[in-house]
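Beneath this line is the structure, given in structure tokens, with notes to follow.
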Amino acid sequence: MTAAAALAQRPPRLGFAAAGVDGWTLGALIVAGCVAIPIGAVLVLAAGTGSDIWGHLIDTVLARYVGTTLGLMAGVGAGTLIIGVGTAWLVTNFGFPGRGLFEWSLLLPLAIPSYVIAFVFTDFLEFAGPVQGLLRELGGWTSPRDYWFPEIRSLGGAIAVMSLVLYPYVYLLSRAAFLEQSVGMMEVSRSLGRGPWRSFLTVAVPLARPSIAVGVSLVLMETLNDFGTVDFFAVQTLTLGIFDVWFNLNSVAGAAQIAGVILLFVMVLLTAERFSRRRQRYHGQGRALRRAVPRRLTGFAALLSTLACTLPLALGFLLPVGLLSADVAANLELVGGRAFLTSAGNSLLLAAVAALVAVLIGLQLAYGVRLSGNRALKSLTRVASLGYAIPGAVLAVGVMIPFGFLDNWIDAQSSRLFGISTGLILSGTGAALVFAYVVRFLALSQGAVESGLERVTPNIDGAARTLGCRPAGVLWRVHVPLLRGSMLTAAILVFVDTMKELPMTVIMRPFNFETLATQVHQFAASEQFAEASPAALAIVLAGILPVIILSRAMRNTVHIDTRAEART
Amino acid sequence: MTSALEISGLSHAFGRTRVLDDVSCTVEPREIVCLLGPSGCGKTTLLRLAAGLERVQTGAIKLHGQTVGEPGWHVPPESRRIGLMFQDYALFPHLTIADNVAFGISGLPAARRRPRVHEVLFQVNMQAYADSYPHMLSGGQQQRVALARVLAPKPEVVLLDEPFSGLDETLRIQVREETLRVLNQAGTAVLMVTHHPEEAMFMSDRMMVMGPGGIIHQVGAPAEVYANPANRFVATFFGRTNLITGVVRNGAVDTPLGTVAAGGRGEGCAVDVVFRSNGVILSTADEQACPVEIVSARPMGRDTRVRFKLAGDEAGATYLCRVPGIFTAGGSARVTARLDPAGAFVFHRGGPATERTSVSGPFFDPSADDA
């Protein structure tokens, strides 16, 4: 077909094309809209008060839920802050035995979901466990009344185990911030008469504050999201309250209202995070002019530093993984058992489908935004990627309610038209669960694709278009090959997070459908720790993948930095 | 015969910033037209509109008589058969040179595609690099590959966006000759954008000078635009100029450096006399001319850059002049200056871009580095 012939056929001027909305934008708008529905549903439900149970909730449990949640957040926030900032400062500024190893291995606890470490430590520290057993033997005691031992299944215990597995967020971000700081800043402070400690607290930490704040808000979002630990430890947080009200009081409306209260927390955290990210840009001086050469520590100081870094690593990763492995080794027949294999298969399938869907949708949305710059699409994708901040239990409420409406509507229509009741055909299926995973983890895949796309100049798109490629062709022939790495990373992140996900899975899974996470939760709840171990270990092993990706990304930035340094 | 590319009444704005103001132009088949203008004046936007990468807001774009863009009507870039070469070349980093060149002709059967790729790579003398990747090539080589990629689908119109700006000075001259040869060989209509006056003059059959805000100041053959600039902006664009103000008396303007014909400007009209740095003749023998005082003389190799002022005018303005070869008559000798009518132009006072021209302030002078 000649160009002239192609140009001669004018389509009608009406329709979306005239309004500047092409097929791509329209498709992206629809998908983004679908993903935004549960988030919107929760917001709407939270706004609409006035159900009967609300007053009852306020009178009875709400104060306790809120108080406990605040206590947990304060404790985990403080714990991760101290561990994360402290270890980051040590490994960026000092040389001591094991520093190179700690630099990446301090990320390892990220691989362990808090509900896994919770039951492992409970098994380890409870009355019948090895630690107390040893103490009794040494002290010659026989009953719990003879000695004092901290109760792990408590608010304090929850704070401890969650701090141990969540501090890497703070570590990662504050380490990056410390690396960016020019050594000159510290030297100026020292030369103006402040000692190393005061300089650290009054110069280095304030400069890194925006990054640290981002890390802590991520930690607190994870804290709000946690269901397994607080359920197991019977710590009455708001998240646990959703389950209580929904399944014990049988009130969806009440659950939605508690979800609304959690959303208030989330909004505060999100605002703090966004605000800090914005300040990060102003505070970061880009690349340090001159990097501090890590000061070599000797003697007692070196020993203390090594110990300070070993402790979180040992307690947050080595010990729990060791205990798990020992448990699994002792009950090897369970690994070949039906329960484990079925749930492992289910987990793999769900996680693979969720990862695939999330990456495809992330690609579609990110490319749609790049293609059109449509303002409605831009804000809708922003809303659609809010899922990462919304706790799984809340999101489950947001997914179940519209799905329930849809099911009822389909059922009513079908009864009216054909006289057949369809029942609930969508809720409680794997599809609804995958949808929920995608809503929750879309930010991961979309973010990865977006940052990959940003590295490609728009002229590349223009070149492909003028060479005769349609927008879909540009995506397929140019961007997909260029984005392969980012998409793989995104898929792995979503895959692993889906495997670890507990609250949504518990609420939304099909009847009698077990995943590794629900199996860990169930066995742990009935104190069958040996039975829980294989599934827990499998989740942890999968969780190591993103840690490898993170530590490689971390090392790459370091390499670039040192190369730049060598040039100056 | 219809024009290969016809742009009429094109205006464009990004938010409140106007980047094109009622631009009209044509490019005939086999013709090379250069759009010359300072950086950031909307030249690239014109190319992107022609290629279909932006939607037309006001005006119309026709390719071989067919409207491809006007408000409410937009033929997507992939259906226009227009080649656009980007300033940064935009080679696909994941494809080999051969695959880059083949990208636009992937619809052809392999039996015809491969010879065509070979042919255009041969034209730009890059056939030895068919299996290399873009990052392995130098800037000049990447430029040639980008050109080959644009030409491979035999487009009806080729648009070049600052095709030589990524190259260093010596390479630029060589690549420019190569490019001109290849383009002439290909025989397509070319619209090229540059901020480099010398480049535009070298490449174009016709040139258009565009100013800030996307206003076209003059269209014409390069020699004509150079010799008869339409206004001060155009005159200044080709190199440093000097300014003397005056009033028209008896069809001419009297200046201290001589009398210039007013070129039809009204009696008593306030005018600017603009003369280029090579539009004034310094002499030690011309007793009739205006005596001047040399402020500085900087040898630049091919010529000497001389700054002078009128004798006895201590606080007065200084003027810039280029003298071929080495200028020896500094210091003691009595030097006079006289305007060369071919290098001095008379414009109405307050014409375009007045506020942007200082006494000797050009927009751009590729070799200028005021001593």
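The values are calculated or read from the model by the stated rules, or taken from the named source; none is laboratory data. Just so you know, these numbers come straight off a predicted model, no measurement behind them. Reconstructed Cβ throughout: ideal geometry from the backbone, glycine too, with neighbour counts over all protein chains shown.
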| query | Taking segment B:49-62 as the region of interest, how many residues are under 17 Å from residue B:17 (Cα atoms), touching a residue at least 24 places away in the same chain (Cβ under 8 Å) and not in a strand (DSSP E or B)? | reply | 4
| request: Look at segment B:220-240 and say how many of its residues are in a helix (DSSP H, G or I) and buried (at least 17 other Cβ atoms within 10 Å of the Cβ). | output: 9
| Residues of segment B:117-152 classified as in a helix (DSSP H, G or I) and surrounded by 18 or more Cβ atoms within 10 Å (Cβ to Cβ), total | 17
| remark: All conditions in (1) in contact with a Ser or Thr (Cβ under 7 Å, 6 or more places away or on another chain); (2) under 30 Å from residue B:54 (Cα atoms); (3) at pLDDT below 85 are true of residue A:368 except (3)
| field | Filtered residues of segment A:137-153 (kept if farther than 15 Å from residue A:233 by Cβ and either of a type in the set (Lys, Arg) or part of a loop (DSSP other than H, G, I, E, B) (or both)) | value | A:140, A:141, A:142, A:143, A:145, A:147, A:148, A:149
| task | Being more than 7 Å from chain A (Cβ to nearest Cβ), polar (S, T, N, Q), part of a helix (DSSP H, G or I) and under 20 Å from residue B:190 (Cα atoms) narrows it down to one of B:67, B:44, so name that one. | result | B:44
| field | Qualifying residue in segment A:394-405 (condition: within 14 Å of chain B (Cβ to nearest Cβ) and either over 25 Å from the mean Cα position of the chain (by Cα) or at pLDDT 90 or above (or both)) | value | no
| task | Quick one: residue B:54 ticks every box in (1) more than 14 Å from chain A (Cβ to nearest Cβ); (2) among the charged types (D, E, K, R); (3) at negative phi except a single one, so which number is it? | result | (1)
| note | When (1) without any contact (Cβ under 8 Å) to a residue 24 or more places away in the chain; (2) surrounded by 13 or more Cβ atoms within 10 Å (Cβ to Cβ); (3) under 14 Å from residue B:257 (Cβ atoms) are applied to residue B:304, the one that fails is (3)
| task | Determine which member of the set B:214, B:263, B:246 is touching a residue at least 24 places away in the same chain (Cβ under 8 Å), on the phi > 0 side of the Ramachandran plot and crowded, with 16+ Cβ neighbours inside 10 Å. | result | B:214
| query | Does residue B:182 qualify as being surrounded by fewer than 19 Cβ atoms within 10 Å (Cβ to Cβ) and touching a strand residue (DSSP E or B) at 6+ places or on another chain (Cβ under 8 Å)? | reply | no
| request: Return the total of residues in segment B:70-104 being in a helix (DSSP H, G or I), crowded, with 19+ Cβ neighbours inside 10 Å and more than 8 Å from chain A (Cβ to nearest Cβ). | output: 5
| field | The listed residue being of a type in the set (S, T, N, Q) and without any contact (Cβ under 8 Å) to a residue 40 or more places away in the chain, out of A:343, A:379, A:372 | value | A:379
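Counting only residues that are on the phi < 0 side of the Ramachandran plot and polar (S, T, N, Q), which one in segment A:250-264 is farthest from the chain's Cα centre (by Cα)? Before you say what the answer is, go through the steps one by one.
Within segment A:250-264, the first condition is being on the phi < 0 side of the Ramachandran plot, and the residues that meet it are A:251-264.
Next, only the ones that are polar (S, T, N, Q) stay: A:251, A:257.
Details: A:251: 28, A:257: 23 Å.
If we take residues in segment A:250-264 being on the phi < 0 side of the Ramachandran plot and polar (S, T, N, Q), then A:251 is farthest from the chain's Cα centre (by Cα).
Quick grid of which residues meet (1) more than 30 Å from residue A:406 (Cα to Cα); (2) assigned by TED's automatic domain parsing to the domain that holds residue A:299; (3) surrounded by fewer than 17 Cβ atoms within 10 Å (Cβ to Cβ):
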| site | (1), (2), (3) |
| --- | --- |
| A:37 | no, no, no |
| A:67 | yes, yes, yes |
| A:88 | yes, yes, no |
| A:92 | yes, yes, no |
| A:107 | yes, yes, no |
| A:116 | yes, yes, no |
| A:123 | yes, yes, no |
| A:128 | yes, yes, yes |
| So which of A:453, A:442 is crowded, with 21+ Cβ neighbours inside 10 Å and either more than 14 Å from chain B (Cβ to nearest Cβ) or touching a Leu at 6+ places or on another chain (Cβ under 9 Å) (or both)? | A:442
| message | For the structure I just gave you, tell me whether residue B:165 is surrounded by fewer than 18 Cβ atoms within 10 Å (Cβ to Cβ) and more than 30 Å from residue B:266 (Cβ to Cβ). | response | yes
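Mind listing just one residue for me: the one in segment A:105-136 that is aromatic (Phe, Trp, Tyr) and assigned to a helix (DSSP H, G or I) and, of those, nearest to residue A:320 (Cα to Cα)? Please lay out each step first, then the result.
Going through segment A:105-136, the residues aromatic (Phe, Trp, Tyr) turn out to be A:115, A:119, A:121, A:124, A:127.
So of that shortlist, the ones also assigned to a helix (DSSP H, G or I) come out as A:115, A:119, A:121, A:124.
Details: A:115: 12, A:119: 10, A:121: 7, A:124: 9 Å.
Ranking the candidates gives A:121 first.
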| said: Of all residues being among the small types (Gly, Ala, Ser) and touching a residue at least 40 places away in the same chain (Cβ under 8 Å) in segment A:291-334, which is farthest from residue A:528 (Cα to Cα)? Just the residue, please. | reply: A:292
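Does segment A:188-220 hold any residues that are of a type in the set (D, E, K, R) and exposed (fewer than 14 other Cβ atoms within 10 Å of the Cβ), and which are they? First the steps, then the outcome.
Here is the first cut: in segment A:188-220, the residues of a type in the set (D, E, K, R) are A:190, A:194, A:198, A:209.
Result: A:198, single match.
Can you tell me which residues in segment A:94-103 are surrounded by fewer than 17 Cβ atoms within 10 Å (Cβ to Cβ) and part of a helix (DSSP H, G or I)? So that I can check it myself, show each step before the final result.
First, pick out the residues of segment A:94-103 that are surrounded by fewer than 17 Cβ atoms within 10 Å (Cβ to Cβ): A:94-95, A:97-98, A:100-101.
Result: A:100, A:101.
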| said: Return the pair list, or none, for Cβ contacts closer than 7 Å from residues in segment B:169-193 that are on the phi < 0 side of the Ramachandran plot to residues that are polar (S, T, N, Q), at least 6 apart or on different chains. | reply: B:175/B:143; B:182/B:123; B:185/B:123; B:193/B:44
| field | Selection within segment A:460-481 - facing another protein chain (nearest Cβ under 7 Å) and surrounded by fewer than 18 Cβ atoms within 10 Å (Cβ to Cβ) | value | A:470, A:481
| task | Say whether the condition of being within 14 Å of another protein chain (Cβ to nearest Cβ), touching a helix residue (DSSP H, G or I) at 6+ places or on another chain (Cβ under 9 Å) and surrounded by fewer than 15 Cβ atoms within 10 Å (Cβ to Cβ) is met by at least one residue in segment A:420-433. | result | no
